[in-house]
Structure formats: structure tokens, C-alpha cells
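Just below is one structure, and these are the notes that go with it.
The values are calculated or read from the model by the stated rules, or taken from the named source; none is laboratory data. Computed from a predicted model, the values in this text were never measured in an experiment. Virtual Cβ from ideal backbone geometry, glycine too; neighbours counted across all protein chains shown.
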Amino acid sequence: MKLPIFGSNEFMDLNPSKIIALGLNYQEHIAESHSVKVQGRTNEPPKEPVLFPKTPNVLIESGESIIIPRFVSEYGFDDTKTDYEAELALIIKDKCKNVKKEDAMSHIYGFTCFNDVSQRNIQTGDRSGWFRGKSFDTFGPIGPQVVLTEDIGDPQNLRIQGRINGEIKQDSNTKHMIFSIPEMISYISKNFTLMPGDIISTGTPKGVARIKHGDVVEVEIEKIGILRNPVVDEAV
């Protein structure tokens, strides 16, 4: 996958070894989250970042379709629910481990929009956790471009919106994150060596909403642009 780089005619080859996402990183999203209840959590903020993986097969560009897997309907859920989540994502610049918070920004190549699509029934029902319901094909739209770290300004003060068919569902600011970007990079790099091109998605604010066949989902982040994807059911 290639993403255009803001302010240039160049493109970035995006081929991450891993995608690490944060759950429960906005207080108001914790309060609304059904997954919190399933995991036995309270409305108290987590004491350390809540991490989960998304596999690289989720990645699609702006304009490509989010495909809801056909087999999900075979479970016979009383209320089948697939949500989108508007998030700010960052892309790691170099191999790094045990990063200090004060050095974290120097290890970021740039920033972009990310849609953490989540199949809630499977996410909350699998005994092994969130992995499967977060990692179906196409469940990670990214783009529409990469804004380099030196061009973004303060990434901890960006308006972030999520929309379905033009209706605003999420409207917040990255300043409301529980764990800041330097804090999350420092924490993650203690656990895993980060490699060039790895993606960290920083969590979603309140207002996540269900998506279905025929919808158009937009994630817009100030200074980055609009990530737009249609939703379709997998063909029979």
C-alpha cells in the first residue's frame, strides 16, 4: 500500500510488521463502551494503556470498501453489531526499544487517520479476547495521506470527527486522550521492539456507531484530511 505524503509528490510504502491499537483511551468512550462491561471493567480510567493487535490484512485505502464478512450472519446473533471507530494513527520511523517519553516524538515518521472497525459480537464473545473481531479483512481503513511529524504541529490538539452518511457521530479532540502519544510509545516499546512502518492507533472518542451495508463512513482529523470508505456485505 502507498499513501501520499502531505506537501510533496512522494508516497510512503506502508508495510507494517504489526499494528498495535489502544482501547479505552478516551474517558467518555469508556463510559459508553459495552466492551468495558464484558471485560468486567468500571468507568475508572485504566492504570496503563490497554493494547490489542490488528493484523496487516485489515489495511485498505480511502475509497476502498469495508467488507462485513458473510459468515458472521451464520452465528445467528440476536443483534449483529459492527462498529466503526475514528482514530488518530501514527507511523513509526525507525527500529526502537525502551523509548523514553521525552524522546518519543523523534521516533514518529508521521500521522494519519485510521478506522478501527470492530465486529462487536465476536469481539466481546471470544474467550481469547478482542483479536478476531478486530482483524477481519478490510477492518482497518487508513489515510488519506501521511502528515510528517514536523508538519503536524501539536498532534495532541487535533479535532477528530467520525461520520456515517454525512451525519456526525463523533466530534472530539486528541487532547482528551487518557494516555498521551509519548506515554503510549514509551509503554509499547517496553513490551515490543517497534520497527519502521509499524502503526500505532491511539484510541477513539465517544460516539462510535454501527455500520451496515450501503453506509459511507468518514474519519476526519484536523490537518490530515478525510478518510472515506463505503460499507458492503460480503457477496454470496
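Criterion first (surrounded by 18 or more Cβ atoms within 10 Å (Cβ to Cβ), of a type outside the set (F, W, Y) and either in a loop (DSSP other than H, G, I, E, B) or at positive phi (or both)) does G162 satisfy it? Judged against the criteria, G162 is not a match. Among the numbered conditions (1) in a loop (DSSP other than H, G, I, E, B); (2) under 15 Å from the mean Cα position of the chain (by Cα), the only one that K223 does not meet is (2).
Conditions (1) of a type outside the set (A, V, I, L, M, F, W, C); (2) within 18 Å of the chain's Cα centre (by Cα); (3) surrounded by fewer than 13 Cβ atoms within 10 Å (Cβ to Cβ), marked per residue:
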| site | (1), (2), (3) |
| --- | --- |
| G63 | yes, yes, yes |
| V72 | no, no, no |
| A86 | no, yes, no |
| L90 | no, yes, no |
| K97 | yes, no, yes |
| M105 | no, no, no |
| T112 | yes, yes, no |
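For residues in the stretch 1-56 being more than 24 Å from I226 (Cβ to Cβ), among the hydroxyl-bearing types (S, T, Y) and more than 15 Å from the chain's Cα centre (by Cα), which is modelled with the highest pLDDT? Filtering first and then ranking leaves S17. Checked against the criterion of being surrounded by 18 or more Cβ atoms within 10 Å (Cβ to Cβ) and within 16 Å of K54 (Cα to Cα), the candidates P182, P155, P141 yield just one match: P141. Taking K134 as meeting all but one of (1) over 24 Å from E222 (Cβ atoms); (2) surrounded by fewer than 22 Cβ atoms within 10 Å (Cβ to Cβ); (3) of a type outside the set (S, T, N, Q), write down the number of the exception. Status for K134: all satisfied but (2). Among the residues making up the stretch 107-118, those that are over 12 Å from S186 (Cα atoms) and not in a strand (DSSP E or B) are D116, V117. Considering (1) among the aromatic types (F, W, Y); (2) over 23 Å from P45 (Cα atoms); (3) assigned to a helix (DSSP H, G or I), the lone condition that Y187 does not fulfil carries the number (2).
Collect the residues in the stretch 178-197 that are more than 12 Å from I92 (Cα to Cα) and polar (S, T, N, Q), keeping them in residue-number order. Passing the criteria: S180, S186, N191.
Okay, residues lined up against (1) among the acidic types (D, E); (2) more than 19 Å from S201 (Cα to Cα):
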position: E64; (1), (2): yes, yes
position: E74; (1), (2): yes, yes
position: T80; (1), (2): no, yes
position: Q119; (1), (2): no, no
position: Q123; (1), (2): no, no
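Out of everything in the stretch 190-210 that is hydrophobic (A, V, I, L, M, F, W, C) and assigned to a loop (DSSP other than H, G, I, E, B), what residue ends up being surrounded by the most Cβ atoms within 10 Å (Cβ to Cβ)? The extreme case among them is V208.
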